[in-house]
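The values are calculated or read from the model by the stated rules, or taken from the named source; none is laboratory data. This one's a predicted model, so the numbers in the text were calculated from it and none came from an experiment. Cβ coordinates were reconstructed from backbone atoms using ideal geometry, including for glycine residues, and neighbour counts include every protein chain displayed.
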Amino acid sequence: MEDDAGSFETMVDAVRAFHQKHDFKNTGGEDLTYRIALMTEELGEISACVTKGQSRQRLAEECADLFILLIGTAIAADFDLRQAFWEKMRRLNGRTSRMINGRIRVSEFK
Ligand SMILES: [Mg+2]
């Protein structure tokens, strides 16, 4: 593992370096519509891990794929994902939960 691998900024820097290595900015790699397609593809791979009973290691890899794409989307769209994360966590922590069809749901329940 990288030195300081636990730092979110280190992770963002690694994804930014990956984008620069392949010149994503000038080759369509930061096009948001394309990125949505890629994230959907990875979400499908995560789903297949569950529905096909694949290993926890495979599930972790597919979740990492999606997380890397999310970080890259924040880079492409120029927003601070760390700040957005903490703002949203604060809001989520203020919400209530309900049981719906045997599963918990935390929402605003408008
Ligand atoms: Mg994948």
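Examine segment 42-53 for a residue that is away from the ligand (no atom under 16 Å from the Cβ) and in contact with a strand residue (DSSP E or B) (Cβ under 9 Å, 6 or more places away or on another chain), and state whether such a residue exists. Let's see the steps before the verdict.
If we filter segment 42-53 for residues that are away from the ligand (no atom under 16 Å from the Cβ), which is where we start, we get 53.
Still in the list and also in contact with a strand residue (DSSP E or B) (Cβ under 9 Å, 6 or more places away or on another chain): none.
No; the residues of segment 42-53 include none that is away from the ligand (no atom under 16 Å from the Cβ) and in contact with a strand residue (DSSP E or B) (Cβ under 9 Å, 6 or more places away or on another chain).
Phe67 versus (1) within 16 Å of the ligand (Cβ to nearest atom); (2) among the aromatic types (Phe, Trp, Tyr); (3) farther than 30 Å from Lys110 by Cα: which is the lone unmet condition?
(3)
Mind listing whichever residues of segment 70-81 are within 16 Å of the ligand (Cβ to nearest atom) and buried (at least 17 other Cβ atoms within 10 Å of the Cβ)? Please lay out each step first, then the result.
So the first thing to find is which residues in segment 70-81 are within 16 Å of the ligand (Cβ to nearest atom), and the list is 70-73.
Once the filter is applied, which keeps residues that are within 16 Å of the ligand (Cβ to nearest atom) and buried (at least 17 other Cβ atoms within 10 Å of the Cβ), segment 70-81 yields Ile71, Gly72, Thr73.
Can you tell which of Phe24, Phe67 is within 13 Å of the chain's Cα centre (by Cα) and in the same structural domain as Asp13 (by TED's automatic domain parsing)?
Working: Phe24 fails: within 13 Å of the chain's Cα centre (by Cα).
Only one candidate passes the filter, namely Phe67.
Inside segment 70-106, can you point out the residues that are free of Cβ contacts under 8 Å to residues at least 24 places away in the same chain, closer than 30 Å to Lys25 by Cβ and hydrophobic (A, V, I, L, M, F, W, C)? It would help to see each step written out before you state the result.
So in segment 70-106, the residues free of Cβ contacts under 8 Å to residues at least 24 places away in the same chain come out as 78-80, 83-106.
Still in the running and closer than 30 Å to Lys25 by Cβ: 78-80, 83-89.
Within segment 70-106, Phe79, Ala84, Phe85, Trp86, Met89 meet the criteria.
Taking the conditions exactly as written (aromatic (Phe, Trp, Tyr) and within 16 Å of the ligand (Cβ to nearest atom)), does Phe24 satisfy them or not?
Numbers: aromatic (Phe, Trp, Tyr): yes; within 16 Å of the ligand (Cβ to nearest atom): no.
Against the criterion (aromatic (Phe, Trp, Tyr) and within 16 Å of the ligand (Cβ to nearest atom)), Phe24 does not qualify.
How about segment 1-56: which of its residues are basic (Lys, Arg) and farther than 19 Å from Asp80 by Cβ? Before you say what the answer is, go through the steps one by one.
Within segment 1-56, the subset basic (Lys, Arg) is 16, 21, 25, 35, 52, 56.
Scanning segment 1-56 gives Lys21, Lys52, Arg56.
When segment 51-65 is examined, which residues are found to be exposed (fewer than 10 other Cβ atoms within 10 Å of the Cβ) and within 19 Å of Met39 (Cβ to Cβ)?
In the first step, residues of segment 51-65 are kept if they are exposed (fewer than 10 other Cβ atoms within 10 Å of the Cβ); the result is 51-53, 55-57.
The one that is exposed (fewer than 10 other Cβ atoms within 10 Å of the Cβ) and within 19 Å of Met39 (Cβ to Cβ): Thr51.
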